[in-house]
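The values are calculated or read from the model by the stated rules, or taken from the named source; none is laboratory data. Nothing here was measured: the structure is a model prediction, and the numbers come from that model. Here Cβ is always computed from backbone atoms with ideal geometry, including for glycine, and neighbour counts include all displayed protein chains. Accessible surface is based on the protein model in full, side chains and every heavy atom, while ligands, DNA and RNA are left aside. Shrake-Rupley method; radii C 1.70, N 1.55, O 1.52, S 1.80 Å.
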Amino acid sequence: MSIRSRAGAACIAALLLLSACDSSSADEDEPVCDPADKAVVAEIMSKARTGFKDGDTIHDHFDFVKGATAPIPEAKRQFGAERVMVLLIKLFIRDDDVTDGFQGALGPVWVVLDGDGKPLAPLGANAQPFFDIQPPADPGWTAWADGLADSDFAYDLFGCVNPN
């Protein structure tokens, strides 16, 4: 695979990791969301990893675009998690094979919040490497978080920040 192909694949992989949403799974009803708390957003964004390397591509930095929160359905609550915040972010990368005009890729990141509104961890294994927020050490956390990340609840929450 050429360097250009690897760089393109890395960009596509980053976009897929950040935007693994299918709008066809959302209801016709608008999801009920609360605005994201600016202080919590600032705390989360301060823990975003810069210079994160994925193959030949460096994920340079993230810019916050928009955020919303919603309570986790009672039947799905575990590990002290009560809400999920979705952050629409723009990912900027550095790669020799990416044109200088690349303006960043938009995508969602979900973060689980406790009852006090404090971040517990990014939701799902795909988002965890991008932030210096450690998930609970409980062995069931990863399976629970991945299941919630792939749920209709998470897809519906994305609808609150979806720019389309």
(request) Sort out which residues of the stretch 63-87 are open to solvent by less than 20 Å² (accessible area, probe 1.4 Å) and either over 25 Å from P163 (Cβ atoms) or modelled with pLDDT under 90 (or both), and write them in order of number. (result) A81
(message) Anything in the stretch 34-44 that is open to solvent by 40 Å² or more (accessible area, probe 1.4 Å) and of a type in the set (A, V, I, L, M, F, W, C)? List them, or say none.
(response) A39, A42
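For the condition out of contact with any His (no Cβ under 6 Å at 6 or more places or on another chain) and under 23 Å from K53 (Cα atoms), what is the one hit in L148, L123? Steps first, answer last, please.
Working: L148 fails: under 23 Å from K53 (Cα atoms).
Every option except L123 fails the conditions.
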(request) Would you mind stating whether I44 is in a helix (DSSP H, G or I) and either within 20 Å of Y155 (Cβ to Cβ) or touching a Phe, Trp or Tyr at 6+ places or on another chain (Cβ under 8 Å) (or both)? (result) yes
(request) Look at D156 and say whether it is over 30 Å from G51 (Cβ atoms) and surrounded by fewer than 14 Cβ atoms within 10 Å (Cβ to Cβ). (result) no
(request) Report the residue count in the stretch 118-164 for those that are touching a helix residue (DSSP H, G or I) at 6+ places or on another chain (Cβ under 7 Å), assigned to a helix (DSSP H, G or I) and among the small types (G, A, S). (result) 1
(message) Quick check on the stretch 25-45. Is at least one of its residues closer than 20 Å to C160 by Cβ, over 13 Å from the mean Cα position of the chain (by Cα), of a type in the set (G, A, S) and modelled with pLDDT under 65?
(response) yes
